[in-house]
Structure formats: structure tokens, C-alpha cells
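Reading through the C-alpha cells given below for one structure.
The values are calculated or read from the model by the stated rules, or taken from the named source; none is laboratory data. Everything quoted here is computed from the prediction, not taken from an experiment. No Cβ is skipped: glycine too gets one built from the backbone with ideal geometry, and neighbour counts run over all protein chains shown.
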Amino acid sequence: MTIAETQQQLLEELSLFHDWTERYEYVIGLGKHLAPMPGELQTRDRLIEGCQSQVWLDASCQDGRMHYLADSDSLITKGMIALFVRVLDRQTPDDVLTADMSFVDQTGLKEHLAPTRANALNLMATQMKQRALEFAGK
Amino acid sequence: MTIAETQQQLLEELSLFHDWTERYEYVIGLGKHLAPMPGELQTRDRLIEGCQSQVWLDASCQDGRMHYLADSDSLITKGMIALFVRVLDRQTPDDVLTADMSFVDQTGLKEHLAPTRANALNLMATQMKQRALEFAGK
Amino acid sequence: MPAFDVAAIRAQFPILSREVHGKPLVYLDNAATAHKPLAVLDASRRYYEEINANIHRGTHHLSQLATIAHEEARLTVARHLNSPTPDEIIFTSGTTDSINLVASILGRAGRLKPGDEILLSHLEHHSNIVPWQMLCERSGATLHVIPVHDDGTLDLPAFHRLLTERTRVLALTHISNAFGTVNPVRELVAAAKQVGALTLLDGAQAAPHLPIDVQDLDVDFYAFSGHKVYAPTGIGVLYGRYKILDSLPPWRGGGEMIKKVSFSGTTYNNLPFRYEAGTPNIEGAIGLAAALDWINRIGLDALHQHEQSLIRQAAAALSALDGLRLYGPSDRAASLSFNIDGIHHYDLGTLLDQMGIAVRTGHHCCQPLMERFGVTGTIRASFAAYNTTDEVIQLAAAVKKAAAMLR
Amino acid sequence: MPAFDVAAIRAQFPILSREVHGKPLVYLDNAATAHKPLAVLDASRRYYEEINANIHRGTHHLSQLATIAHEEARLTVARHLNSPTPDEIIFTSGTTDSINLVASILGRAGRLKPGDEILLSHLEHHSNIVPWQMLCERSGATLHVIPVHDDGTLDLPAFHRLLTERTRVLALTHISNAFGTVNPVRELVAAAKQVGALTLLDGAQAAPHLPIDVQDLDVDFYAFSGHKVYAPTGIGVLYGRYKILDSLPPWRGGGEMIKKVSFSGTTYNNLPFRYEAGTPNIEGAIGLAAALDWINRIGLDALHQHEQSLIRQAAAALSALDGLRLYGPSDRAASLSFNIDGIHHYDLGTLLDQMGIAVRTGHHCCQPLMERFGVTGTIRASFAAYNTTDEVIQLAAAVKKAAAMLR
Ligand SMILES: Cc1ncc(COP(=O)(O)O)c(C=O)c1O
Ligand SMILES: Cc1ncc(COP(=O)(O)O)c(C=O)c1O
């Protein structure tokens, strides 16, 4: 699936929910099912410090495709990252770099987020792209 | 005249006035006619520092009667002092000490005074009594 | 409850009728800041609509009215703290400002030297830690910390060991903002006096809940914030014992705090003005007095009883939940801190917010305390005059629902 | 005047319809503090009635709204000053606080040493003198003072002589609060930069009247007070150039200004938060933004033109009176200072007050300047958006009447 296709799929899934409970349960579920990140990868240099929760992000490139691993001590934060990982994982560095991440605004999730959390989300997207930059154009 | 009689007289004089202009002109007039205080008496130790104006006060006792000299750079302040001097000058130290100075409240003048000025007035009365204390009971 | 009519109280707080995420607001973040009753909002507004002017030195009528209102506010604070004289009441911009004032002037006076010690507790808010750390850096004094037991109370034997002839300052919170621990401050202040230490109490959390009597406490400095006692933001109080404050140098320089300025030398004003440089927060002072008057019309005893009853109900209701851990002693006041095993406080707080319930999550500006308890933060519910038993029940139900979603 | 509708403006200030001593209030003490339009009063009240909460770190909705409102206020200030980034806008409690902040952190950073010089002018307000005197005392630096001509303007040749390689700081008022002198600050700041001095402008009197562009001024620090720009009391601003501010140590310690606190060491937060310890004056910041928005809706150019026209009318009307002496240059702004031969300013002010006219009398917190002019004080009329030509006429008539009574 292309990045745009995954985004479309996510938006459709989220549009099924009628209240905040369902929406949050979905995000929490995403977080729970995020591929585990080995403990030895949760190092200082992979840490993105948020206001109240911490996020670890690891990126590698195999066979020309980005591979992301992430974790957070906050389940909701983790669910948000899972959203991004689902969209960007297994894509080429160049596709990641040019991806339009504004789809998050259409999920309606941001309205439920503290600005600190929304900021963290933007920071996350930026970081994922930045890591792709290292492998792009090769 | 006793202190009480002078106070009564002052109150009567002031009650003749109908507006603030007349009342202030009267006080300013009192100030202008206050017995002059020789320049050499206007020393630091005779200075009562107010907020915006300065007052000099000199007290002596001759033949068992208090004698007050005062001056101020502000004409209105000087008029207020003149009110006190008129009441307390040429009285015995003991009479000064026991004088009821609350007559000022009945003049209606205090309502027209800045609290700093009203304070200065209270300070003045206190100072005049304090000086009488030195000569009292002799 | 005839003595304490919470419905009548709630009606005085316009903000309480608003909704959050489509649900009625349940505001349990009072330790962070309290809402303002109409009496305070009206006093602030009336000040601007009727007597606004810059104070002191003014000849004109408005300036006189504003000066009187400002100085009457000081008298109200003095009465409220049972301060012997209003000259001991310094208006600041808040607790943090008050504590910095004390630490700074002690520093400038050279009261602390290498080898001297400043004694704090592990319960302190950053505002009662960092100013002293900065003072230590400048003076060479060292910081010592009274440890806490697992129930969040101070280790008193350790306190007595740590208090020595070298202790120059004891700076202690009256009530812990993180755990609600009420410290035995009278006893500790008395002990500190015995060794000749200066004493400061951080009353940010105590002032909204307890009657404060600085003479009975026999304390040298007492600090609190307006915004936590139902008053506007940007105003605070430092009570300072006259004899001590009067012997210390000024901090901020400027208008109001001087007697005479010339380029060859400046003489400073008397207390309290020496420590109030510049145009003060006049609205804030007047609003603070209105807030204290409002509190005293209700009565701090009735208020405290009401809040204690709520906090006990909350502790009981939450304790029943699976994996719930409460912090602080059972006779806590003002604030109730908890966590649920395996659940991040931030996640729980986020879901509570979706249900209209405002609590605080995180380290509560008490990182050393959080570290001591091995957590990155807690969830804190804190109570005020307008909270109700119904809100406590909603809190417990919401925590239960949120925990279920997060497990 | 279609562009500037003073009647419509007056209608927005409830206090202007009050009486003083039975006469309509004529408020000409705006340099001391300005009144507040409904837009500001409503913004303050709306904050408390709708979104009051403690800001930053809050998970809940109100805390988010309050945080956004507070940070948007900072953006408004940044735009108003044309500051390159909002991180250079520090909220303080007023001009005095802002200047003390700068003087204190320069002191703590050890930026001043014996032999170094701080350059001020003879026009300065005590708030821009005393903090520097205190810094000199602590650091061994010396104070130097740009003299003024008899017309109240700076002696520029003397300035250039006094500005040397040893000058570390130039701290100058933008507009004199006593005489209304508008200093050529752009030129002086540029000269100071040439010798490597830091520059601070005291904008307390300029902010209500002139557009301020910190990039065009190329100044390092710019300070002003909210209460003089139609905003609430207890809020002020320090603009500080990022590169400089970021290299300086903190001042007040506490919550908000830290990144991480532990007893073994504390790391400080980024700008602007490093200089904002404790709960800020949230209402004040929001009220200040509302005030700046209000000013900008009128337009500073139209405002200034209106005020300049009033001040010229006042100067002309007063000049016609017997024995009247005006201070300051004829192109003065904001404030008009005068005395009448043989009459004490205090007496004149007292009688003007009886006629409902509020002016300021005394030294205006500029004792060195008063001494330079051989007076204990002056009478100062100062103007704002809501003043009218009719008020100017009333002022002149009242001065005439009062002078007659006092002669
Ligand atoms: C030129 C000048 N500087 C500084 C100040 C001090 O301002 P504030 O009292 O608001 O701190 C004032 C106002 O009084 C002023 O006019
Ligand atoms: C115990 C304690 N000390 C100090 C403070 C700081 O108060 P403020 O932020 O009002 O200066 C607070 C509040 O946050 C507190 O709870």
C-alpha cells in the first residue's frame, strides 16, 4: 500500500467511531499492538523527551525500505506513534520524505490532545522524516 | 480664650463658608498671616518631613505658656498649621497636652485633604503636644 | 449542611457552570489554582471602574482612594495572618517571588558563608528548592534535606539530626502540594529557633485551607500566593518579621522603595515599601483582600472541614479500585495523589479530561519527591470550597472507567 | 475628526463618567497610570469566568486553553514590538521588575567589574537609576550620567564624551516621564553598540504613545509596564535579544523556569521560561494583549497625533498664564510639566483636584532631575487616547483660578 492509501484507510477506520471513548480505545489498541521495541534499543540517543511522557524511536533501512521501531511509557502516546508507524513503515526513504502528514488533522484526534501532546506528535513526524533523510537518495 | 473656646470660634468661622473655594481661601489666608518664622530657626532638627511639602516647627515656653512658630513651603499646609497654632499658642503646657484635637474632624477640611496631608496634620498635632511635654508639670 | 451551603457557594463561581468536552466541568485542580468568586471579580472590576490610579505620592482624589484601598488590603492580609503590624506584609507577585526575595536578600546581606547550611525537606516544591540552590551556589553554603517516610511524612528524628549549629535557614512547606502532608511546622520552627536558624514557611498550599497565625507559629517568613486563595493571578504575600526584614538590604530597586535618590547616593524607604519597588499590582492586592474577606465570611474552619470530608471520601472511593496506590498520610489535606499500577498518569489524566474531570498529572513541580518514590508523576485531585460529594463520586467512577480502557 | 472619534473612545472607559468632589473627572495623570477600556476589563473577566487554570504542564482542557491564551498574549506582544521571536518576550510584573531583572543577571554573570561603567541620563526615573546603583555597589562598576540642557534634552556632545570603551551598559529612557523629552534613542543605541556596550531602553512612557520596533532600534533590552498602556496592574514586559539573554544566568528560581530539578543539580529551561519562575500573572498577560489589540485597532499613529495636538494646545494655553514656566522641549510627548513662580506645586495640585482635575505633582520619581532644575517638583499633566480639547481648556482655566487663590 502507498502512504496515501494507508492514510485513507486509517481515516476510514476512525470515521466509524461516534464518541471519544471508541476513538481512544482504537488508539490505545494501536499502541498495544505496536511491534515491541527491544529494551536495548531504548537508549538516550533514541529518546524524544515530551512534556509528560517519553518516546523512543529507532529507524533503519533494509532493502531500500524504512523500518521504524518505537515505544512510549504512555499508552496513548504509543498509540499515536503507531498511527505514524503504520503509515511510514516499509516505505522508501524518498516516499517518507515527501509524505503529506497533515492527514492527522483530519482524524479529529488532535482536538482531543493537549497542545503539548500535539506538539509531540509534530515532533515525532519530523523525527521520522529526519531519519529517512539519512537513507534517502542512495 | 481657652483652647475649647478658640476651637469653637474656628468652627463657627468655617461654618460660614458654602463651598470649597471659600474654605480654602480662608485656610490660605490663615497661612499667609501666620507669624513668620525666622530663617535661622528652619533647621534640620525642626523639620517635619511630609510627603510633598516640608514643615518646620519651633516650640518654646515663656512664663508658663507655650509659644509656637511654624512655617512650610506649601501655603495650604502652612494654613493648616496656622489653625493649630491659633488653638495651642499661648496656652499652658498642661492644657496643650490634654487638648482634644479632634475638632479638626468637624471642620470638614480633612475631607478635602490627601491622606498624606491628613497624616501630616496628625503628625503635626502630635509634635506640638510632644514639645509641650518637655515643659509640662514644671 | 446548614453551616456550609455548597450550592450557594458554587453559584458564586461563573466558571463552574461551563462544560468541557460536552460534559459539566468537575474541577479538581485547585492546588494548581483556584477559581474566583464574584466577590473577587467584582472587586477587581470596581477598582478599575471607580478608583483606578497610581498610588502613594498622588495629590489627587483617585490616587488617594486607590492608596487607601491598597493599604487597607495590606491591613486585611495582616489581620488574616495575625501579623503584629501591616509593615511586615510585603506584596509580591506570588509564593515563588516571595521565597526568591528572602533568599536574595539573605545572600546580599552576606548572611550565608561556606560551611553554613540550609535545611529543606524532600517534600518541597521547586519554588522552595531552586532559590536556595542558587543561594548556595553564590554563597558556598550547602543544602540539606529532611527525608520523608514512605507515607509521605517527614522523618522527624532525621530532622533533629540534620538541624545543627550550622543551620542558618529552615525553609519548609506547610502543606505538601504533591501529597497533602501537613507538616508539624510549629514544632519544627521552634526547634530551628533553638539553634538560631531563620525560618521560612512555604504556605502556598496551607493558606487556602488553614488559619495562619504567624505569631503563634513564631516564624520569621511566611509566603503564599493569591491565585490559590481565590484571588487574581500575579499577587502574593511575604510576611517577614519586622526586626529581621528591617535589618536586610533591599532587593529590587526603583520607585516607591526609596526615600531619596541622588547620583551620589540613595536612601531606602521603611518597611514594607523598601521591598515594593515600582507600581504594585494594585488590582491584585485589592482582589486578594476581597478573597480573604470572602474566605473569612465562610470561615476557614467550615471550609477546611468540608474539604477534609471530601478528601476522605475520595480516598475511600479510590482505594476500592484495583491496583490503586495512594500517596501521603491518611490525614492529608488539600491534595490527594495516586497512581494505578501499570497505567501512566498522563494517560489516565487525558481520559479523565475527556470526561470533564480536571486533575493534575505529572511531577507537580516536586521532581525530587517523585524520584524518591520511584515514579515519574502521580494523578492529583485537589479540593476547594465549591467541590461536592457528587464530584468525588464522578471522579472515582471516571478513574474506574479510564483504568479499564487502559488495561 | 472622523479617523479619531474621542467620544466613542471615552464611552469605552467606565471610570471617565465618575465625578470627583462633585465635578466631572478630568484625568490628566496618564503617565502615572492609564485607565482601562472595556475590551481589557472584559478580557480579564472572561479569562476567569471561562478558562481560568494554571498553565503549562496541565493535561486538562482548561489548562490547555489558559496556556494557549497566555502564549498567544506573548505572540501579541512580540508582534507589537516586532520581536523576531516570542522567546525574546519575558513577562514581568512591570518596568521596574524588568530593569531589575537585567541588572541582576548581568551582576550574577559577572559582566561588570571594577573600572567598568554604566551610562544613564539625568532624565531617568528612579526605576532606571537604583537597580544600576545597586549593581555598581555589588560589582565595583561606576555610574556615569549624561547631562541635560536647560530645555530638558540630552547633551549629545557630552554623551559622546562619556561613552567610552569602558561603557558596558547604556540604560536610557525612551521618553522622559517628567518632562516629555523624546530621546534620539536609535542614534544613541547605535553609538553604544559601536563601543560594545549593552543597551537597555526604559519604554514605560514610550510604549503608550509610540510604535516600538526593537529590530529597527537594534536595542538589546526594552522594558515597559502594562498599566500604562491601558492594561491591568502587575504585568510588564522585558524584550531581550535572544543571543544575549540566552547567555545569561537565571534570576528568580522556582517552578516553570527549570527543566529538571534534583538536589544534586538543576538544569534550567529555555527562553522565555527561564526568566518566568512561578505561576505567571496570566490575567495580566491576557489583559495586556487585549490592551495592545485595542491600541492597534485605534492605531498608534492616530493616537499619537491626537495626544500631540492636546499637549501643544495645553502648552499654548498655559504659557499665557502669569509666571508660568514650562519644562522640556517644545516637541515633548505624553507629559507636560510646569510650575508657577512663587507657588508650590503641591498647593496647585490640591486646588486642581478640588476642581476635579487629576494631575501629578512632586518629583515624579526623578529626584536627580528635579535637583538639576532647582525645584522640589513640578505639576505634570499627561495625556491619553480619551483626553479632549475641552479638558485642556478646563485645565488652563483651573490653573488660572488656583494660581489666583494662591497669590
Ligand atoms: C520612565 C519610567 N520608567 C519606569 C517607570 C516605572 O514603572 P513601574 O512603576 O510600572 O514599574 C515609570 C513609571 O512610573 C516611568 O515613567
Ligand atoms: C507548595 C508550593 N510552593 C510554591 C508554589 C509556587 O507558587 P506560585 O507558582 O504561585 O509562585 C506552589 C504552587 O505551585 C506550591 O504548591
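Note on the stretch D:262-272: among residues that are polar (S, T, N, Q) and more than 9 Å from every other protein chain (Cβ to nearest Cβ), the one that is farthest from the chain's Cα centre (by Cα) is D:Ser264.
Yes/no per residue for (1) within 17 Å of C:Ala206 (Cα to Cα); (2) free of Cβ contacts under 8 Å to residues at least 40 places away in the same chain; (3) polar (S, T, N, Q):
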{"residue": "C:Ser264", "(1), (2), (3)": "no, yes, yes"}
{"residue": "C:Leu271", "(1), (2), (3)": "no, no, no"}
{"residue": "C:Glu283", "(1), (2), (3)": "no, no, no"}
{"residue": "C:Ile286", "(1), (2), (3)": "no, no, no"}
{"residue": "C:Ile298", "(1), (2), (3)": "yes, no, no"}
{"residue": "C:Leu303", "(1), (2), (3)": "yes, no, no"}
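Does D:Val77 satisfy the condition of being outside the structural domain of D:Ile212 (by TED's automatic domain parsing) and of a type in the set (A, V, I, L, M, F, W, C)? Spelling it out, it is not the case that D:Val77 is outside the structural domain of D:Ile212 (by TED's automatic domain parsing) and of a type in the set (A, V, I, L, M, F, W, C). Looking only at residues of the stretch C:207-225 that are within 11 Å of ligand 2 (Cβ to nearest atom) and touching a residue at least 60 places away in the same chain (Cβ under 8 Å), we find that the one that is nearest to C:Thr85 (Cα to Cα) is C:Ala223. Screening D:Gly342 with (1) on the phi > 0 side of the Ramachandran plot; (2) within 16 Å of ligand 1 (Cβ to nearest atom) gives one miss only, at (2). Could you please find all residues in the stretch A:34-74 being in a loop (DSSP other than H, G, I, E, B) and either exposed (fewer than 12 other Cβ atoms within 10 Å of the Cβ) or within 14 Å of chain C (Cβ to nearest Cβ) (or both)? Selection gives A:Pro36, A:Pro38, A:Thr43, A:Gly50, A:Cys51, A:Gln52, A:Ser53, A:Asp63, A:Gly64, A:Asp73, A:Ser74.
D:Asp150 meets each of the listed conditions (1) more than 30 Å from D:Leu310 (Cβ to Cβ); (2) charged (D, E, K, R); (3) out of contact with any Ser or Thr (no Cβ under 6 Å at 6 or more places or on another chain) apart from (1). For C:Glu137, the stated conditions do not hold, so it cannot be described as closer than 30 Å to C:Leu154 by Cα, within 16 Å of ligand 2 (Cβ to nearest atom), within 11 Å of chain D (Cβ to nearest Cβ) and charged (D, E, K, R). Of all residues in the stretch C:146-155, none satisfies being within 16 Å of ligand 1 (Cβ to nearest atom), crowded, with 22+ Cβ neighbours inside 10 Å and in a loop (DSSP other than H, G, I, E, B).
Among the residues of the stretch D:174-189, not a single one is within 14 Å of chain C (Cβ to nearest Cβ), among the aliphatic types (A, V, I, L, M), within 16 Å of ligand 1 (Cβ to nearest atom) and not in a loop (DSSP other than H, G, I, E, B).
Exactly one residue out of C:Thr92, C:Thr96, C:Thr33 is modelled with pLDDT of 95 or more, within 16 Å of ligand 1 (Cβ to nearest atom) and within 22 Å of D:Gly287 (Cβ to Cβ), and it is C:Thr92. Scanning the stretch C:47-59 for residues being more than 7 Å from chain D (Cβ to nearest Cβ), on the phi < 0 side of the Ramachandran plot and in contact (Cβ under 8 Å) with a residue 24 or more places away in the chain gives a total of 2.
Against the condition surrounded by 24 or more Cβ atoms within 10 Å (Cβ to Cβ) and either of a type in the set (Gly, Ala, Ser) or at pLDDT 95 or above (or both), how does C:Pro211 come out, does it pass? It is false that C:Pro211 is surrounded by 24 or more Cβ atoms within 10 Å (Cβ to Cβ) and either of a type in the set (Gly, Ala, Ser) or at pLDDT 95 or above (or both).
Based on this model, can you work out whether D:Glu50 counts as more than 27 Å from the chain's Cα centre (by Cα) and modelled with pLDDT of 95 or more? So D:Glu50 passes the test. Can we say D:Ile55 is over 25 Å from the mean Cα position of the chain (by Cα), more than 16 Å from ligand 1 (Cβ to nearest atom) and within 18 Å of D:Met257 (Cβ to Cβ)? Yes; evaluated as a whole, the condition is true for this residue. Taken together, the residues in the stretch D:202-216 that are part of a loop (DSSP other than H, G, I, E, B) and either within 22 Å of D:Asn387 (Cβ to Cβ) or within 13 Å of ligand 1 (Cβ to nearest atom) (or both) amount to 10. Filtered by the rule that a residue be hydroxyl-bearing (Ser, Thr, Tyr) and facing chain D (nearest Cβ under 8 Å), the stretch C:341-395 gives C:Tyr346, C:Thr350, C:Thr361. Residues that are touching a Leu at 6+ places or on another chain (Cβ under 6 Å) and crowded, with 18+ Cβ neighbours inside 10 Å number at least 2 in the following helices (runs of 4 or more DSSP H) confined to the stretch C:257-375: C:300-319. You will find that of C:Leu62, C:Leu75, C:Leu81, the residue that is more than 12 Å from every other protein chain (Cβ to nearest Cβ), more than 30 Å from C:Ala178 (Cβ to Cβ) and either within 16 Å of ligand 1 (Cβ to nearest atom) or out of contact with any Leu (no Cβ under 7 Å at 6 or more places or on another chain) (or both) is C:Leu75 and no other.
Looking at the structure I just gave you, is D:Glu19 within 9 Å of chain C (Cβ to nearest Cβ) and modelled with pLDDT of 95 or more? When the stated conditions are applied, D:Glu19 does not pass them.
Of everything listed in (1) away from ligand 2 (no atom under 16 Å from the Cβ); (2) at positive phi, the single unmet condition for D:Gly234 is (1).
For the stretch B:1-19, name all the residues that are surrounded by fewer than 18 Cβ atoms within 10 Å (Cβ to Cβ) and either within 14 Å of chain D (Cβ to nearest Cβ) or aliphatic (A, V, I, L, M) (or both). Scanning the stretch B:1-19 gives B:Met1, B:Ala4, B:Leu11, B:Leu14, B:Leu16, B:Phe17, B:His18, B:Asp19.
Cβ-Cβ contacts under 9 Å between residues 6 or more apart (or on different chains), taken from a first residue in the stretch B:112-138 that is modelled with pLDDT under 90 to a second residue that is basic (Lys, Arg), are listed as B:His112/B:Arg23; B:Thr116/C:Arg57; B:Arg117/B:Lys110; B:Ala118/B:Lys110; B:Leu121/B:Lys110. Take the conditions (1) more than 9 Å from every other protein chain (Cβ to nearest Cβ); (2) in a helix (DSSP H, G or I); (3) out of contact with any strand residue (DSSP E or B) (no Cβ under 8 Å at 6 or more places or on another chain); D:Leu41 misses just one of them, which is (1).
On the given criteria, is C:Thr279 more than 18 Å from C:Ala223 (Cα to Cα), within 14 Å of another protein chain (Cβ to nearest Cβ) and touching a helix residue (DSSP H, G or I) at 6+ places or on another chain (Cβ under 7 Å)? Spelling it out, C:Thr279 is indeed more than 18 Å from C:Ala223 (Cα to Cα), within 14 Å of another protein chain (Cβ to nearest Cβ) and touching a helix residue (DSSP H, G or I) at 6+ places or on another chain (Cβ under 7 Å). Scoring C:His144 on the criteria (1) within 13 Å of chain D (Cβ to nearest Cβ); (2) in contact (Cβ under 8 Å) with a residue 60 or more places away in the chain; (3) not hydroxyl-bearing (Ser, Thr, Tyr) leaves a single failure, condition (2). Residues in the stretch C:376-401 that are assigned to a helix (DSSP H, G or I) and among the polar types (S, T, N, Q): C:Thr389, C:Gln394. Among the residues of the stretch D:222-261, just one is closer than 21 Å to D:Leu172 by Cβ and facing chain C (nearest Cβ under 7 Å), namely D:Ser225.
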